[in-house]
Amino acid sequence: MDAQQDRGDRGPMDPTRKLLKVFGVKVTDYEAKSDDLLARWAGAGEKERAAIQAEALELSADLAHWLREISAHVLERQERVLSSLR
């Protein structure tokens with residue numbers, strides 16, 4: 001189902017819900033994949049540890065990107081509201 005299609009009693013998915021959904025998936029994906037990396041770390045050799053570190057860095061950078069997106073969205077909304085109330 002397309003995110004912009006009618007969602008029954010909740011109406012079309014607004015940008016906030018869509019962004020929160022993406023962020024939620026990213027967080028749970030990060031948790032699962034980082035748990036796997038931590039489990040692999042103990043038995044890994046030097047070469048595999050370098051690959052694990054690189055993967056952890058990539059996962060963390062992706063999650064940080066989406067956290068910035070969420071923060072920017074909330075801050076933009078706050079600024080718009082507060083500016084309108086002057």
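A 1.4 Å probe run over the protein chains yields, for the chain, 79 Å² of accessible area per residue, whole-number rounding. For region 61-68, putting each phi into the Karplus relation 6.51 cos²θ - 1.76 cosθ + 1.60 with θ = phi - 60° gives couplings of 5, 5, 5, 4, 4, 5, 5, 5 Hz, in residue order, rounded to whole numbers and with x for Gly and Pro. Of the residues A56, P15, L82, the one whose Cα sits farthest toward the positive end of the charge dipole of the chain, with +1 on the Cβ of Lys and Arg and -1 on the Cβ of Asp and Glu, is L82. Would you mind telling me the share, in percent, of accessible area of the chain contributed by carbon and sulfur at probe 1.4 angstrom? Within the chain, the accessible surface is 57 percent carbon and sulfur. For log10 I(q)/I(0) by the Debye sum over Cα atoms at q = 0.16, 0.21 Å⁻¹, pick the label among (1) -0.78, -0.99; (2) -0.62, -1.03; (3) -0.60, -0.94 that corresponds to the value derived from the coordinates. Looking at log10 I(q)/I(0) by the Debye sum over Cα atoms at q = 0.16, 0.21 Å⁻¹ for this model, the match is (1). Output the 0 to 90 degree angle, nearest 10, between the alpha-carbon long axis of helix 15-41 and the longest principal axis computed from the alpha carbons of the chain. Around 10 degrees separate the two axes.
The values are calculated or read from the model by the stated rules, or taken from the named source; none is laboratory data. What you see is a predicted model; the values in this text were computed from it and never measured. Cβ atoms come from the backbone with ideal geometry, glycine included; neighbour counts cover every protein chain shown. SASA here: full protein model, heavy atoms, side chains in, ligands and nucleic acids out. Shrake-Rupley method; radii C 1.70, N 1.55, O 1.52, S 1.80 Å.
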